[in-house]
Amino acid sequence: MILAAGKGTRMRSPTAKVLHPLAGRPMVRLLLDSLRSIPKFKPVVVIGHDRDQVKAALGAGVETVVQWPARGTGHAVQVARSKIARTSEVVVMPGDAPLITPETIRRMLDLHRRSRALATVLTAEPDDPAAYGRVVMHSDGAVEKIVEAADADPATLTIHRINTGFYVFDSKSLLSVIGKIGSSNKKGEYYLTDAIELLARRGRVMGLNTDDTDEVAGINTQAELARMEGVLQKRLRRKLLECGVQIPHPQEVYLEPDVTVEPTARILPGTHLSGRTVVKSGAVIGPDTFVSDSRIGPRARVWYSVVEGADVGTGVTVGPYAHLRSGARLAENSRIGNFVEVKESTVGRRAKALHLAYLGNATVGDEANIGAGTITCNYDGFKKYPTRIAPRAFIGSNTALVAPVTIGAGAVVGAGSVITRNVPSDSLAIERSPQVIRPGWAKLKRALARRIAGSNRAPGKRKHS
Ligand code: UD1
Ligand code: CA
């Protein structure tokens, strides 16, 4: 059960706290995704603030219960009673501590079952216990109670062992005490932590301590969110480094959890890899490159570029300063250069577009050459039309190809042409006004200009140099 109904006032943000992203994903979704490997995982999320958006962020197959208004973590569990009734044990966790590992949850479950506890609390001992609830222990090592920082006396505040907000409960025991929680405390809320004290009077409540204070750190402010982004990024990079990905300046690389990078690929500073991006072995990405939802093939090189929803083939080079958009498919050893934009287009093997071009809804054949400044005019303001450029065609610089249009195999288009009709294979198409030459014209023009300037100058007002 994930508690995610609170607003998160300390975030000072109009959106609910659990929607704030970590590695590009709402934190509550990140938490859910990371727990899917737990056997018999059947998540129930308590939602309240921004419940429609939170529900949408959870994805399919997640049950929700609405808590409104939100009157505390104990109240959240009360509202979700009916879901607990169908289970034998329940793991309760805060929606604002998304870096917990499934391993730790498993360790809690193990300890809980082995010791036949009524509840098990995950605790930690951070350097600064700050606003966390303090865990008071019996001398035999069992938990006696949890005291919220706001309600604690100075002696209790010196306790270093804190409540992380993660618990395992025996379902029957939890249901038997959840209605007995009161709200006579500093915040006037129903604290779930009070259930721990009630259960500790009836039987055993265990405490499991984790050494990794980062995995349980709650996010309550923008500063804490930023710090946890750093922790998560470090984790994601470490995973890649460990399997042989080369990242010479790791702190300058941004990653998302669904990104796959093969060993021997090299990720240079300023690179963002997001969504379902796959980078194959030997590829070099960056510096300063954004790649989302794309495949970068073996030994491809992409630098100073933006790549979105594209498929970059083996040995392809992209950039500097190229923009590949959705549906750009670049075949083996093709080359896309400076200020070239490609959208919904296929570029054939060893084909080149190296300078200042736009290819939209185009099919470019193998070994075709797209000259500088070539534009496919694919849109008439209403619909998109295809341009077909067959293998080995040569498109001269500054050409407009007005779609729909086909350039045949091995054809040549003269520079500066506006091509509106199909060009047959191996022919030349040129669309250009005849060039005019006027011998001596420029010299005469200069002489004339000098004469006019001389006659306009007033006598006696000659310039000093
Ligand atoms: C809570 C614990 C505290 C612990 C800390 C760990 C209580 C009373 N205190 O404090 O002992 O050290 O977590 O991070 O439980 N929520 C609801 N409904 C509500 C209130 C909160 O769903 O009515 C959700 C919030 O959205 C959030 C989570 O529960 O995701 C924790 O709530 P929060 O207000 O952040 O609790 P803390 O004050 O941090
Ligand atoms: Ca919190």
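Can you tell me which residue is farthest from LEU199 (Cα to Cα) among those in the range 117-135 that are within 12 Å of ligand 1 (Cβ to nearest atom) and in a strand (DSSP E or B)?
Quick first cut of the range 117-135, residues within 12 Å of ligand 1 (Cβ to nearest atom) only: 121-124, 126, 129-135.
Cutting the leftovers down to in a strand (DSSP E or B) gives us 121-124, 134-135.
Working: VAL121: 12, LEU122: 15, THR123: 17, ALA124: 21, ARG134: 17, VAL135: 14 Å.
Residue satisfying both the conditions and the ranking: ALA124.
State which residue is nearest to ligand 1 (Cβ to nearest atom) when the search covers only the range 54-99 and only residues that are of a type in the set (S, T, N, Q) and in contact with a Leu (Cβ under 8 Å, 6 or more places away or on another chain).
Top of the filtered list is THR73.
So ASP212 fits all but one of (1) within 16 Å of ligand 2 (Cβ to nearest atom); (2) under 22 Å from LEU99 (Cβ atoms); (3) surrounded by fewer than 18 Cβ atoms within 10 Å (Cβ to Cβ); what number is the exception?
(1)
Is there any pair linking a residue in the range 146-164 that is more than 15 Å from GLY218 (Cβ to Cβ) to one that is among the basic types (Lys, Arg), with Cβ under 6 Å and at least six apart or on different chains, and which?
That search, which allows pairs on different chains as well, returns VAL147/ARG134; ASP151/LYS186; ALA152/ARG134; THR156/ARG134; ILE159/ARG134.
Quick check, is LYS40 over 20 Å from the mean Cα position of the chain (by Cα), more than 11 Å from ligand 1 (Cβ to nearest atom) and not hydroxyl-bearing (Ser, Thr, Tyr)?
Here the answer is yes, as LYS40 does meet what is asked.
Just name the residue that is nearest to the chain's Cα centre (by Cα) out of those in the range 140-168 that are assigned to a strand (DSSP E or B) and more than 14 Å from ligand 1 (Cβ to nearest atom).
Per the criteria, the residue is VAL168.
Determine whether LEU109 is within 16 Å of ligand 2 (Cβ to nearest atom) and under 24 Å from LEU31 (Cα atoms).
no
Take the residues in the range 1-15 that are assigned to a helix (DSSP H, G or I) and either basic (Lys, Arg) or at pLDDT 95 or above (or both), then tell me which one is farthest from GLY59 (Cα to Cα).
ARG10
Taking the range 130-166, which residues are at pLDDT below 95 and within 16 Å of ligand 2 (Cβ to nearest atom)?
Scanning the range 130-166 gives ALA130, ALA131.
Output the number of the condition that GLN246 fails; it satisfies all remaining conditions of (1) buried (at least 18 other Cβ atoms within 10 Å of the Cβ); (2) touching a strand residue (DSSP E or B) at 6+ places or on another chain (Cβ under 6 Å); (3) over 22 Å from LEU31 (Cβ atoms).
The one condition GLN246 does not meet is (1).
Report, by residue number, each residue of the range 181-234 that is without any contact (Cβ under 8 Å) to a residue 40 or more places away in the chain, closer than 30 Å to SER274 by Cβ and in the same structural domain as GLN78 (by TED's automatic domain parsing).
Residues satisfying the conditions do not exist here.
Looking at (1) in contact with a Phe, Trp or Tyr (Cβ under 6 Å, 6 or more places away or on another chain); (2) surrounded by 19 or more Cβ atoms within 10 Å (Cβ to Cβ), which is the one condition that is false for ASP288?
(2)
Between residues in the range 68-81 that are at positive phi and assigned by TED's automatic domain parsing to the domain that holds SER184 and residues that are within 6 Å of ligand 1 (Cβ to nearest atom) and in a loop (DSSP other than H, G, I, E, B), which pairs lie under 9 Å by C-beta distance while being six or more apart or on different chains?
Correct list of pairs: GLY72/TYR191; GLY72/LEU192.
Criterion first (in the same structural domain as TRP303 (by TED's automatic domain parsing) and surrounded by 19 or more Cβ atoms within 10 Å (Cβ to Cβ)) does ASN378 satisfy it?
yes
One line per residue, one yes/no per condition, for (1) at pLDDT 95 or above; (2) touching a Gly at 6+ places or on another chain (Cβ under 9 Å); (3) surrounded by 17 or more Cβ atoms within 10 Å (Cβ to Cβ):
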site: ASP366; (1), (2), (3): yes, yes, yes
site: ILE370; (1), (2), (3): yes, no, yes
site: ILE395; (1), (2), (3): yes, yes, yes
site: LEU401; (1), (2), (3): yes, no, yes
site: SER417; (1), (2), (3): yes, yes, yes
site: ARG450; (1), (2), (3): yes, no, no
site: HIS464; (1), (2), (3): no, no, no
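Filter the range 102-128 for residues that are surrounded by 16 or more Cβ atoms within 10 Å (Cβ to Cβ) and under 31 Å from the mean Cα position of the chain (by Cα) and give the result.
THR104, ILE105, MET108, LEU122, THR123, ALA124
Just to be sure before I move on: is ASP170 among the acidic types (Asp, Glu) and surrounded by fewer than 19 Cβ atoms within 10 Å (Cβ to Cβ) in the structure I sent?
Taking the combined requirement at face value, the residue does not satisfy it.
Can you work out which of the residues in the range 258-277 that are within 17 Å of the chain's Cα centre (by Cα) and under 15 Å from LYS239 (Cβ atoms) is surrounded by the fewest Cβ atoms within 10 Å (Cβ to Cβ)?
THR260
The values are calculated or read from the model by the stated rules, or taken from the named source; none is laboratory data. These numbers come from a predicted model, not from an experiment. Backbone-built Cβ (ideal geometry, glycine too); neighbour counts: all protein chains shown.
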